[in-house]
Amino acid sequence: MSSVEDTPAYTKKDFMSDQTIKWCPGCGDYSILSQVQTVFAELGIPRHKFAIVSGIGCSSRFPYYMSTYGFHSIHGRAPTVATGLKLANPDLSVWVVTGDGDALSIGGNHFIHLLRRNVDLQVLMFNNRIYGLTKGQYSPTSESGKRTKSSPMGSVDRPFNPCGVALGADATFVARTVDIFVKEQRDVLLAAHQHKGSSFVEIWQNCSIFNDGAFKDWTEKKAREERILFVQHGQPLIYGAKDAQKGLVLQPNLTLKVIDVLTPEDRARVLVHDETNLVMATLLARMGDETMPTAMGVLYRVAHPVYEEGVHAQIEAARSKPGAADLKKAVYGGNTWKVEG
Amino acid sequence: MHADASPGASSSARQVIDDVVVRFAGDSGDGMQLTGDQFTRTTAVHGNDLATFPDFPAEIRAPAGTLAGVSGFQIHFSSHDVHTPGDEPGVLIAMNPAALAANLRDLKRGGLIIVNTDKFTDRDFEKAGLQGNPLEDGSLDAFTVVPVQLSVLTKGAVEGLGLGAKETDRCKNFFALGMTYWLFGRDMGQTEAWIKSKFKAPFDDANLRALHAGFAYAETVELFHAGYEIPPARLAPGTYRNITGNQAVVLGLVTASQKSGRPLFLGAYPITPASDILHMLSVYKDFGVVTFQAEDEIAAAGATLGAAWGGAIAVTSTSGPGVALKGEALGLAVMTELPMVLIDVQRGGPSTGLPTKTEQSDLHIALYGRHGDAPAPVLAARSPGDCFDATLEAVRIAIQYMTPVILLTDGYLANGAEPWRLPDVDAIPAIPVHLATDPEGFLPYKRDPETLSRPWALPGTPGLEHRIGGLEKAKDTGNVSYDGVNHEAMSRLRQEKIERIARSLPAAEPEGDPDGLLVVSWGGTYGAVHTAVAQARKGGIRCAHLHLRWLNPLPPGLAEVLARYGQVLVPELNMGQLGPLLRARFALPIQSYTKIQGQPFKVSELLARIQIQASQA
């Protein structure tokens with residue numbers, strides 16, 4: 001590998017593989033694939049330096065459809081394979097593609113420890129709130145009471161809030177977007193790439209077969225204005241139609257409340273998004289009942305030491321010591337004795 | 001040890017003997033492992049051949065004074081070849097009644113027992129579950145008992161250093177060590193230097209005083225009837241060090257990395273008795289070693305596979321329960337044909353089983369413990385020092401054949417020590433690595449015609465972008481294929497690839513008589529079986545020993561060798577795993593001899609079984 005390379009001017013096409021895509025018609029995965037291909041072409045990274053690691057599930061077929069290096073691994077274990085790869089070669093741009101079941105159910109342990117360590121990679125979690133590839137059982141993000149093949153009387157489980165879990169696991173970058181929000185998704189993917197450390201992106205993704213319309217109450221054109229708040233660092237937390245704007249204020253009991261923003265005074269009361277504030281990010285991530293909007297965009301972003309850099313810094317420090325890496329010395333150890341012939 | 005030591009012998013007239021087994025036993029907190037380790041180092045430097053067997057409970061500090069808390073360290077040292085830690089100790093150092101009670105049945109009749117009488121109170125007897133004082137009830141009549149007020153004497157030795165009662169008492173193992181050094185006429189310089197480097201003031205001084213006081217006490221009060229001298233062994237010329245199996249694995253890994261020019265990656269989760277591999281490897285960062293302490297066994301295996309994909313010498317170390325958890329990742333390594341090594345330091349199972357005790361019961365999980373037809377090479381180390389060579393071989397095969405390799409060691413090898421003749425590091429051959437770099441004609445599953453291995457194409461290599469994964473692969477292209485005929489062809493290719501490893505293995509070569517009884521062993525039982533067969537032959541029994549390094553594939557010529565002998569006996573520390581396998585494979589009346597007590601075979605047990613077997617011929 002040469003250290004300085006001319007990165008070709010890529011187009012989206014350069015990131016398409018020759019494999020036939022086998023997702024169902026109308027699946028939200030198509031839109032995400034298209035966005036990722038578009039964004040990869042813009043990052044200025046040579047194609048051979050991308051590695052996509054996935055687990056198991058519909059979303060995890062993703063690597064096969066990209067022309068980069070790809071590893072379709074084991075259910076829930078993509079974070080482990082990606083961590084090993086990144087430790088072996090920190091020079092790679094590593095992307096984990098996973099789903100709500102893969103990341104939060106079978107792979108929950110790896111998911112939280114990946115974020116805790118802050119390995120420099122991106123995690124794209126396609127959340128369709130259902131098990132697709134196993135044909136329609138409730139997932140750890142399915143709403144309580146969901147009737148599925150494995151829960152004919154409704155699921156008893158409480159769902160996870162993925163961004164809430166990520167923040168609870170001390171993630172340093174947490175964002176949320178939607179498969180069909182092309183521009184916003186692109187912005188989030190770029191931001192995730194720019195962040196040094198583990199970037200967690202929850203992508204709402206419609207499963208047209210087993211959970212069709214799961215997000216339509218938020219994502220349909222009309223609902224979008226009323227129920228989605230696109231957050232931006234340094235900007236007031238305001239959403240809604242131009243003539244009926246609403247904003248978030250903090251109440252003395254540390255909960256958020258929606259107010260109508262009618263006057264400059266109202267506007268002054270509205271919270272300004274601070275993406276470095278964990279409390280605010282947590283409050284934003286966990287909004288979602290009927291009275292509150294859902295926050296989209298970069299909810300949280302803080303700088304923190306990166307795992308593989310720390311590991312390799314220790315190695316470099318050890319290597320720079322005099323007498324380092326003397327194999328004979330290591331094998332001989334401290335106490336030796338000679339037996340004469 | 002000879003029990004007929006003549007009374008009154010002075011230190012100047014030491015009795016020369018050629019072989020002795022000593023066991024130190026006390027509470028888990030008494031420092032018995034440390035004492036044993038020091039005695040071992042000194043014995044090694046003296047030039048004796050030796051083998052050790054640390055035997056300790058799973059609990060860190062079981063209730064003091066109870067049988068459950070007894071920790072032991074056995075060393076067998078000699079002026080001739082030693083292959084086992086010895087069947088019966090001739091000398092027992094018992095720090096309390098529980099240590100005496102727990103070890104008495106193993107002791108050689110006529111053996112020497114040194115006891116700390118300060119710990120022989122009614123309360124101590126009660127804790128040890130004894131009815132009365134064994135020093136007074138005649139139960140020790142068959143032994144030579146040397147009572148020592150170890151606690152009181154140690155206290156006197158360290159007085160004035162300002163140590164508290166607890167700290168004072170902690171020095172008594174060095175007093176005991178000093179006495180033992182006198183008993184065998186040993187130079188204490190090695191231990192003195194170690195104490196000075198290990199302890200800060202005033203504990204360095206305290207331990208040195210206790211050590212010297214113990215030595216002087218044994219000499220001046222003529223504690224023992226005789227001192228002994230075990231002359232150095234006539235070992236093969238060379239430079240030696242003392243080494244445990246886990247140490248040898250670690251050095252083998254570092255050497256493999258240096259010899260292959262690839263960085264070493266260890267993914268591991270702490271587990272007894274494999275944790276020392278993680279500990280000891282983590283100090284070799286100057287060799288570019290990455291040690292990744294994962295969140296669990298599965299993550300350790302997954303990260304190892306990821307590192308293998310990224311071009312590292314990728315290794316995961318564990319013990320039985322971890323092997324169970326890593327099965328899925330190993331299956332993926334079989335499917336993606338990436339080189340990684342799993343080191344299984346076997347312990348008593350199933351489940352948590354006997355975490356600190358040895359066993360050979362993971363052979364079947366190593367061979368078969370994956371879903372689907374997932375063949376993987378399996379080899380086993382036979383002695384602590386051999387763990388070095390076995391590790392190098394495991395890495396070499398993993399890379400040459402692009403496959404996960406399972407290396408079996410065990411708790412006995414991992415913690416046991418022996419003198420190890422140091423290899424000429426420069427003369428160890430390089431491990432060839434061929435990384436794919438040429439995009440021209442590159443196909444991720446195109447195979448080497450000789451080994452059937454696929455190319456190692458690392459992410460980051462321009463022009464070789466490709467996808468791998470757990471779904472079945474189409475021949476050559478590696479694209480996903482659900483075609484049944486392709487699946488059969490690929491399954492058979494993966495199998496044949498592993499079988500072809502046998503082409504480069506040395507043929508099965510028994511040691512001993514060309515007919516009669518063949519004793520077949522594998523792994524850590526090598527030393528005991530080797531010794532038992534040698535003794536049987538000395539006693540006139542026609543027999544031979546065949547030790548298998550490779551369990552999958554089996555070595556060439558094995559069928560012919562097994563068929564040549566009238567009887568075949570397979571001793572194993574499990575309920576019979578290799579034995580039935582060989583029976584099924586070769587359709588021969590192969591007999592098993594098994595033991596599952598968490599302890600290695602005694603030579604005497606094996607010898608008795610060989611005698612019975614031979615008498616039935």
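The values are calculated or read from the model by the stated rules, or taken from the named source; none is laboratory data. Remember, it's a predicted structure, so these values are computed and weren't measured experimentally. Because the Cβ atoms are built from the backbone with ideal geometry, glycine has one as well, and the counts that use them run over all protein chains shown.
Computed quantities for the displayed model
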quantity	calculated
Qualifying position, being closer than 27 Å to B:Gly288 by Cα and assigned to a helix (DSSP H, G or I), among A:Gly70, A:Gly84	A:Gly84
Leading residue by the ranking (farthest from the chain's Cα centre (by Cα)) among those in the range B:469-515 that are within 14 Å of chain A (Cβ to nearest Cβ) and in a strand (DSSP E or B)	B:Val480
Which numbered condition A:Asn109 fails, given (1) more than 25 Å from A:Glu316 (Cα to Cα); (2) surrounded by 24 or more Cβ atoms within 10 Å (Cβ to Cβ); (3) facing chain B (nearest Cβ under 7 Å); (4) not basic (Lys, Arg)	(2)
Wholly within the range B:135-229, helices (runs of 4 or more DSSP H) carrying at least 2 residues that are among the aliphatic types (A, V, I, L, M)	B:150-158, B:172-183, B:189-198, B:203-220
Out of B:Gly306, B:Gly227, B:Gly311, sole residue that is over 28 Å from B:Thr40 (Cα atoms) and in contact (Cβ under 8 Å) with a residue 24 or more places away in the chain	B:Gly311
Residues being of a type in the set (Val, Ile, Thr) and surrounded by fewer than 24 Cβ atoms within 10 Å (Cβ to Cβ) - total across the range A:173-200	2
Contacts under 7 angstrom Cβ, first residue in the range B:83-112 being under 18 Å from B:Gln33 (Cα atoms), partner aromatic (Phe, Trp, Tyr) and buried (at least 24 other Cβ atoms within 10 Å of the Cβ), 6 or more apart	B:Ile93/B:Phe24
Matching residues, the range A:329-341, being at the interface with chain B (Cβ under 7 Å from one of its Cβ atoms) and either hydrophobic (A, V, I, L, M, F, W, C) or surrounded by 12 or more Cβ atoms within 10 Å (Cβ to Cβ) (or both)	A:Ala330, A:Val331, A:Tyr332, A:Gly333, A:Asn335, A:Thr336, A:Trp337, A:Val339
Members of the range A:84-106 found to be without any contact (Cβ under 8 Å) to a residue 40 or more places away in the chain and surrounded by 24 or more Cβ atoms within 10 Å (Cβ to Cβ), listed by number	A:Gly84, A:Leu85, A:Ala88
Complete set of residues in the range B:573-606 that are surrounded by fewer than 20 Cβ atoms within 10 Å (Cβ to Cβ) and either in a helix (DSSP H, G or I) or in the same structural domain as B:Ala414 (by TED's automatic domain parsing) (or both)	B:Pro580, B:Leu581, B:Arg583, B:Ala584, B:Arg585, B:Phe586, B:Ser604, B:Glu605
Hey, B:Tyr412 aromatic (Phe, Trp, Tyr), more than 13 Å from chain A (Cβ to nearest Cβ) and in contact with a Lys or Arg (Cβ under 6 Å, 6 or more places away or on another chain) or not	no
Search result, residues across the range B:94-113 that are surrounded by 24 or more Cβ atoms within 10 Å (Cβ to Cβ), in contact with a strand residue (DSSP E or B) (Cβ under 6 Å, 6 or more places away or on another chain) and not in a loop (DSSP other than H, G, I, E, B)	B:Ala94, B:Ala98, B:Ala99, B:Leu100, B:Leu112
Residue match in the range A:22-37 (condition: free of Cβ contacts under 8 Å to residues at least 24 places away in the same chain and not charged (D, E, K, R))	yes
Where a residue in the range B:489-511 is in contact (Cβ under 8 Å) with a residue 24 or more places away in the chain and surrounded by 14 or more Cβ atoms within 10 Å (Cβ to Cβ) and its partner, wherever it lies, is assigned to a helix (DSSP H, G or I) and among the hydroxyl-bearing types (Ser, Thr, Tyr), with Cβ under 7 Å and at least six apart	B:Lys497/B:Tyr401; B:Ile501/B:Tyr401
Selection count, the range B:269-299, where residues are closer than 21 Å to B:Gly416 by Cβ and either of a type in the set (Gly, Ala, Ser) or within 7 Å of chain A (Cβ to nearest Cβ) (or both)	2
Test result for B:Gln258, closer than 24 Å to A:Glu308 by Cα, within 13 Å of chain A (Cβ to nearest Cβ) and either of a type outside the set (A, V, I, L, M) or assigned to a loop (DSSP other than H, G, I, E, B) (or both)	yes
Residues within the range A:47-99 that are farther than 17 Å from A:Phe111 by Cα and more than 7 Å from chain B (Cβ to nearest Cβ), tallied	8
Lone unmet requirement of (1) under 17 Å from the mean Cα position of the chain (by Cα); (2) in a helix (DSSP H, G or I) for B:Ile397	(1)
Filter result (under 15 Å from B:Leu278 (Cα atoms), more than 8 Å from every other protein chain (Cβ to nearest Cβ) and either of a type in the set (D, E, K, R) or in contact with a Ser or Thr (Cβ under 9 Å, 6 or more places away or on another chain) (or both)) within the range B:314-334	B:Val315, B:Thr316, B:Ser317, B:Ser319, B:Gly322
Check on B:Arg23, at pLDDT 90 or above, within 14 Å of chain A (Cβ to nearest Cβ) and more than 21 Å from B:Thr272 (Cα to Cα)	no
Long-range neighbours under 9 Å by Cβ, at least six apart or interchain, first residue within 24 Å of B:Thr84 (Cα to Cα) within the range B:373-395, second polar (S, T, N, Q) and in a loop (DSSP other than H, G, I, E, B)	B:Ala380/B:Gln360
Candidates A:Ser144, A:Ser139, A:Ser155, filtered to the one that is more than 14 Å from chain B (Cβ to nearest Cβ), in contact (Cβ under 8 Å) with a residue 24 or more places away in the chain and assigned to a loop (DSSP other than H, G, I, E, B)	A:Ser139
Extreme residue, surrounded by the fewest Cβ atoms within 10 Å (Cβ to Cβ), among residues of the range B:68-78 that are over 23 Å from B:Val148 (Cα atoms) and modelled with pLDDT of 95 or more	B:Ser78
Among the candidates B:Leu407, B:Leu413, residue that is surrounded by 19 or more Cβ atoms within 10 Å (Cβ to Cβ) and either in the same structural domain as B:Asp55 (by TED's automatic domain parsing) or in a helix (DSSP H, G or I) (or both)	B:Leu413
Residue satisfying condition, being surrounded by fewer than 24 Cβ atoms within 10 Å (Cβ to Cβ) and over 25 Å from the mean Cα position of the chain (by Cα), within set B:Gly331, B:Gly302, B:Gly349	B:Gly331
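Let's see how each residue does on (1) closer than 17 Å to B:Pro263 by Cβ; (2) surrounded by 21 or more Cβ atoms within 10 Å (Cβ to Cβ); (3) touching a residue at least 12 places away in the same chain (Cβ under 8 Å):
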site	(1), (2), (3)
A:Ala281	no, yes, yes
A:Ala285	no, yes, yes
A:Thr291	no, no, yes
A:Met296	no, yes, yes
A:Pro305	no, no, yes
A:His312	yes, no, yes
A:Ile315	yes, no, no
A:Ala318	yes, no, no
A:Pro322	no, no, no
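Okay, residues lined up against (1) touching an Asp or Glu at 6+ places or on another chain (Cβ under 8 Å); (2) more than 22 Å from B:Tyr368 (Cα to Cα); (3) not acidic (Asp, Glu):
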| site | (1), (2), (3) |
| --- | --- |
| B:Gly540 | no, yes, yes |
| B:Ala544 | yes, yes, yes |
| B:Leu551 | no, no, yes |
| B:Leu569 | no, yes, yes |
| B:Leu582 | no, no, yes |
